[in-house]
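Below you'll find the structure, written out as structure tokens, and then a few comments.
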Amino acid sequence: MRVLVTRPAHSAEKTAQRLRDMGHEPLLLPLRRPQHDSAAAASALAATRGAIAVTSAEAMRVLSALGETLGSHLDRPIFAVGEMTAQAARRLGFRTVTASSGNGRDLADLVGAQSVEDLLYLAGRPRAETFEGRLRELGIRFSVAECYRMLPVAPGPADIKAIFSGHRLDAVLFYSRQTAEDFFQLAELRSALSEQGGIRLLCLSEAVAQAIPASLKETVAISSMPDEISLLSLL
């Protein structure tokens, strides 16, 4: 199958290799790129002493750039959405890592179940308010440090033509609601998708699928769990 990956380039390359290992042909079309703010992360860590929460592996990439500065914080409990992000935390040396198998709301419930009273959320922009909203519902005190931004990347006509010309595209992978919205805001991509018809739109979660236009809902499939293994199993 020819599969279009819309993730940022550094993540898309790993996904592409997994797809090749599965016998598929990956095509990459990054629609966002990260801009890190390591200083914001370092400042927030220095100003707090409690547990840490991350809802994206991008936050772990920011932390990895801190080098020796991170060493004094590795004893702090860290809560992560998804096992892949949790594994990244363990590789950095965090000793107490708790992973949620669901979304940000599920992660907040895990934090609440462990009676965490003060929490540092290493967040990005843009982001969904699910995690923070649930923390407020539970009465959990937390602070937010925006340590990265996902900036839009506009593909050129030649990039789009290269993907949709020649052999038919079979599926598109969407990992975030923001990326799905970016995709369908581009007239060239909407047109190319409509012209080929029947292309499967595979979404990491229900929230991501909500960004797919109503006219294409019959081509949507949603991962049973919000992780890449479950998403790729839809192929």
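The values are calculated or read from the model by the stated rules, or taken from the named source; none is laboratory data. This structure is a prediction, so every number in the text was calculated from the model and none was measured. Positions of Cβ are backbone-derived with ideal geometry, glycine not excepted, and every protein chain shown enters the neighbour counts. Heavy atoms of the whole protein, side chains included, go into the accessibility calculation; ligands, DNA and RNA do not. Shrake-Rupley method; radii C 1.70, N 1.55, O 1.52, S 1.80 Å.
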### Residue that is surrounded by fewer than 22 Cβ atoms within 10 Å (Cβ to Cβ), among the hydroxyl-bearing types (Ser, Thr, Tyr) and part of a helix (DSSP H, G or I), where the choices are 98, 69, 85
69
### Query
Which ones in segment 110-132 are open to solvent by less than 60 Å² (accessible area, probe 1.4 Å), in a helix (DSSP H, G or I) and under 26 Å from residue 230 (Cα atoms)?
110, 111, 131, 132
### Task
Considering each of 93, 112, 104, 67 in turn, give the residue that is under 14 Å from the mean Cα position of the chain (by Cα), not assigned by the TED database to the domain that holds residue 10 and not hydroxyl-bearing (Ser, Thr, Tyr).
104
### Task
Note down all Cβ pairs under 8 Å where the first residue falls in segment 37-55 and is without any contact (Cβ under 8 Å) to a residue 40 or more places away in the chain, the second is open to solvent by 70 Å² or more (accessible area, probe 1.4 Å) and assigned to a helix (DSSP H, G or I), and they're at least six residues apart or on different chains.
42/69
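Which of the residues spanning segment 96-108 are farther than 16 Å from residue 128 by Cα and not polar (S, T, N, Q)?
So in segment 96-108, the residues farther than 16 Å from residue 128 by Cα come out as 96-101.
Passing the criteria: 97, 99.
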### Query
Quick one: residue 139 ticks every box in (1) modelled with pLDDT under 90; (2) open to solvent by 60 Å² or more (accessible area, probe 1.4 Å); (3) among the small types (Gly, Ala, Ser) bar one, so which box is it?
(1)
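Considering 173, 189, 169, which residue is surrounded by 20 or more Cβ atoms within 10 Å (Cβ to Cβ), over 18 Å from the mean Cα position of the chain (by Cα) and under 13 Å from residue 5 (Cβ atoms)? Lay out the reasoning, then the answer.
Values: 173 fails: over 18 Å from the mean Cα position of the chain (by Cα); 189 fails: under 13 Å from residue 5 (Cβ atoms).
169 is the lone residue from the list that is surrounded by 20 or more Cβ atoms within 10 Å (Cβ to Cβ), over 18 Å from the mean Cα position of the chain (by Cα) and under 13 Å from residue 5 (Cβ atoms).
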